[in-house]
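Read-outs: derived from the displayed coordinates by stated rules, not from any lab. Predicted model, so just to flag it, every value in this text is computed and none were measured. Neighbour counts run over all protein chains shown; Cβ positions are idealised from the backbone, glycine included.
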Amino acid sequence: MMPDNDKPNLPAPSAPTVRPRRTSRSGPTLLVGLVLFGLLGWQWFDTRQQLAAMQAQLGDKLAAIETAGKEDDGARKQTGEQIAALQARLGALDGRLEEFRSQSTTLQALYQDIDRSREEVTLLEIEQAITLAGQQLQLAGNVPVAVLALQSADARLARLDRPQHIALRKALAKDLGRLTALPFVDLAGLSLRLEEILLAVDKLPLKAYGRPEKSAEIEKPAAPQPWWHSAGGEIWQEIKGLVRIQRFDRDEPALLAPGQDFLLRENLKLRLLNARLALFARDQASYRNELKVSAAWLARHFDASDKAVQAAQDTLRQMTASGITVELPNLNDSQAALRSLRQGREKR
């Protein structure tokens, strides 16, 4: 105020001209500043909102991570418990496995012992079968029984199915081939034919007495007869029995005293029994000799016209012509193979 009073002559128009210029320049600047300030504020607010959203999201994520961590901890704990349980079960299984291995070893050893025992028993049975076959061949000449014994031994070896038994099976097959190639002698059939003749001896008619007559009963008349008539008939029958007239067109047969027919028949039976014993003993000389003697007795003492006597003579001739002896092989190959197998087992 004081300087204005001291200098009143200052030019007046300069002041109003400068002010309007300052007002026109500061208005846009202020507007721009306000706009910039608004933009800055809006940007700050938006950034704040974004930061808050990011913080919220980060919090959610941290909460989710924390929850997941807790769940992972629980899962890890549960997994650890399961692992511990599995380890315990694995330990128990290991123990059972060891026990099973021990039992398996024991069972395997026991099975081997049983297998060796079974093989030993089978070899004993085979040895007995081969021995039986040899005895039947040497003592009785019974080829069918020997063949059955060797076949039984081979069947037992086949059930074992061991490579070390091949040599023994080859020897058995060789012996079986030789036995089955032998001619067959039907001892049982020959024995039955001899038995038929033995049973028929008591019924064969003797040549000295002729054909035995059948006992005929006296026919009783239908009408009653006087006593002297029936008595005369009985006396006549007795007289007829005292005398018998017989014609012989051939040589006169040997006469037999009363009761000698029984001895003749029994001696013939003994001859046939001796032939039967010689048959089973395969004594062909004795067998044929007894049959020839029996045939000669039949021809000499029995009625040759009787069909039963003819059938007996034909049977004796056929049996005399048939041979009963066969050269039997030995079982040396099978016995040697069995001994070799025994020695090999003893060395092991």
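Cβ under 12 Å from residue 192's Cβ, residue 192 left aside: what net charge do those residues give with Lys, Arg +1 and Asp, Glu -1? All intermediate terms of the calculation are to be shown ahead of the outcome.
Numbers: positive: 193, 276; negative: 186, 195, 196.
Here the count lands on -1.
If amide hydrogens are placed 1.01 Å from N in the peptide plane, which non-local residues have theirs closer than 5 Å to the one on residue 206?
303
Over segment 36-156, what number does the Rg to Rh ratio reach, with both radii from the alpha-carbon atoms and Rh per Kirkwood?
1.89
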